[in-house]
Amino acid sequence: MPSVGVRPQPATREVSARELGHAALRIADCRSLATLKEAIFDQASALLGAVATGLYLFDGDGRMQLIGSRLAPQGFLDEYEREFAKDDAMLDHILAERRSIDGFRFYGPAHWRRSGNYDILRAWGFYHNIGGVLVADGEVAGAMFVASVHDQGPFAAIQVQRFETLCRAGSLALATIRGRERLWYQAFNPAAADWNDPGLGPPQARVNDSIDGSAIDRLPPRARQVARLLCDGRPNKAIAGQLGISVYTVKEHVHNLCRRFGARNRTDLAQRLLTSH
C-alpha cells in the first residue's frame with residue numbers, strides 16, 4: 001500500500017476528558033451527512049492515531065452502503081463488499097451487541113491471524129481494526145470501522161472506548177439528521193430536488209405494501225419491515241436474507257416488538273399486529 005502521508009501517533013497517547021468531550025460534541029452537533037463524515041474522520045484520527053476510516057449506512061432495502069471513507073483504497077473497500085461483508089462474523093457481532101470491538105479481541109490471539117479480517121487487512125497494508133454501530137430511532141442505522149495504518153500492535157482497550165464514544169456521538173447526530181425519515185432518501189437519491197417535500201417518501205415505505213395496518217404503519221422503518229415480513233409468515237432467517245441484516249438483528253426486532261405489543265410469542269405478535277389499530 002502506498003504511503004498515505006501521515007505520521008503515526010503513540011497508540012495510547014494521553015487524551016484528556018476535555019479533549020474527548022470536545023470530539024464527541026463536534027460530532028453530535030453535525031446537521032448534515034457531509035459534516036458528519038468529516039467530523040468522524042477528523043476525530044477518529046485525532047483520538048486513535050493514523051487510521052483508515054469507513055462510514056456505512058443501511059439503505060431502504062437493508063443493505064450496508066459506503067457513505068464515505070478516508071485513507072482506505074477503493075480496491076480494499078470493493079473487495080470487502082464483494083467477498084467478505086456478507087460473511088463478516090465481526091460485523092454480525094457488533095450489529096447484534098451494538099457495542100464496539102476490535103478484531104484482535106473478537107477473534108482472540110489464537111485465531112486472529114487465521115481470520116478473514118486479518119487476511120484482507122494485511123493484503124491491503126493495514127494491521128488492526130475496530131468496528132462499531134450507529135443507532136438512530138432505536139435501530140441500527142449504520143456501521144463505522146477504522147483500521148491502523150502503521151504496525152503499532154493491537155488497539156488498546158482505551159482506544160476502543162474512545163471509538164465507542166465517537167459512535168455514540170455519531171448516533172446522536174444521525175438521529176437528528178434522519179428526521180422525518182428523509183436521510184435515507186437524501187443519501188441514496190442525490191438527484192432529488194427537495195428533501196423536505198412531504199411527497200417524497202423514503203424507500204422503506206415501499207417494502208411489502210400488501211399488509212396494511214395502522215399499528216404496523218406507526219412503527220419505525222426497520223421495525224415496520226420486519227413486522228410486515230413476520231406477518232407474512234417468514235422465519236427469522238428469511239427476513240434477515242431479504243433485508244440484508246443479521247439473524248441476531250431480526251431476533252432483536254422481534255423481541256422488541258413482542259415487548260411493545262405485549263405478545264407472548266411471534267404467532268401472538270403477528271395476530272396483534274394485524275388486529276391492532
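Is it true that A227 is within 23 Å of the chain's Cα centre (by Cα) and under 23 Å from H93 (Cβ atoms)?
no
Considering the range 61-80 alone, what residues qualify as being surrounded by fewer than 18 Cβ atoms within 10 Å (Cβ to Cβ) and part of a helix (DSSP H, G or I)?
Q74, G75, L77, D78, E79
Looking only at the range 231-274, filter to residues that are in contact with a helix residue (DSSP H, G or I) (Cβ under 8 Å, 6 or more places away or on another chain) and among the hydroxyl-bearing types (S, T, Y); which one of those is surrounded by the most Cβ atoms within 10 Å (Cβ to Cβ)?
T249
Confirm whether Q74 is in the same structural domain as H22 (by TED's automatic domain parsing) and within 27 Å of R13 (Cα to Cα).
The answer is no for Q74.
For the range 118-127, check the following and say yes or no: at least one residue is touching a helix residue (DSSP H, G or I) at 6+ places or on another chain (Cβ under 6 Å), hydrophobic (A, V, I, L, M, F, W, C) and closer than 24 Å to A28 by Cα.
Scanning the range 118-127, I find no residue that is touching a helix residue (DSSP H, G or I) at 6+ places or on another chain (Cβ under 6 Å), hydrophobic (A, V, I, L, M, F, W, C) and closer than 24 Å to A28 by Cα, so the answer is no.
Within the range 242-274, can you find the residues that are within 18 Å of the chain's Cα centre (by Cα) and basic (K, R)?
Answer for the range 242-274, where residues must be within 18 Å of the chain's Cα centre (by Cα) and basic (K, R): just K251.
What number of residues within the range 63-82 are farther than 23 Å from G241 by Cβ and under 15 Å from the mean Cα position of the chain (by Cα)? Lay out the reasoning, then the answer.
Residues of the range 63-82 farther than 23 Å from G241 by Cβ: 67-77.
Right, trim to under 15 Å from the mean Cα position of the chain (by Cα) and you get 67-69.
Counting residues in the range 63-82 that are farther than 23 Å from G241 by Cβ and under 15 Å from the mean Cα position of the chain (by Cα) gives 3.
Before we move on, is G108 under 20 Å from the mean Cα position of the chain (by Cα) and either assigned by TED's automatic domain parsing to the domain that holds C167 or surrounded by fewer than 13 Cβ atoms within 10 Å (Cβ to Cβ) (or both)?
On the way: under 20 Å from the mean Cα position of the chain (by Cα): no; either assigned by TED's automatic domain parsing to the domain that holds C167 or surrounded by fewer than 13 Cβ atoms within 10 Å (Cβ to Cβ) (or both): yes.
No; evaluated as a whole, the condition is false for this residue.
This table checks each residue for (1) at positive phi; (2) crowded, with 16+ Cβ neighbours inside 10 Å; (3) not in a helix (DSSP H, G or I).
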| residue | (1), (2), (3) |
| --- | --- |
| R82 | no, no, no |
| R99 | no, no, yes |
| F104 | no, yes, no |
| Y127 | no, yes, yes |
| A143 | no, yes, yes |
| P154 | no, yes, yes |
| Q159 | no, yes, no |
| L166 | no, yes, no |
| G170 | no, yes, no |
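So which pairs qualify, if the first residue must be in the range 88-99 and farther than 19 Å from S115 by Cα, the second must be of a type in the set (G, A, S) and modelled with pLDDT under 90, the Cβ gap must be under 9 Å, and the two must be at least 6 apart or on different chains?
A96/S246
Go through the range 43-60 and report how many residues are part of a loop (DSSP other than H, G, I, E, B) and of a type in the set (A, V, I, L, M). So that I can check it myself, show each step before the final result.
The first filter runs over the range 43-60 and keeps only residues part of a loop (DSSP other than H, G, I, E, B), leaving 49-50, 59-60.
In the following step, the residues that additionally are of a type in the set (A, V, I, L, M) were identified as 50.
Going through the range 43-60 one residue at a time, the tally reaches 1.
The values are calculated or read from the model by the stated rules, or taken from the named source; none is laboratory data. Remember, it's a predicted structure, so these values are computed and weren't measured experimentally. Counting neighbours? That spans all protein chains shown, and the Cβs are built from the backbone with ideal geometry, glycine included.
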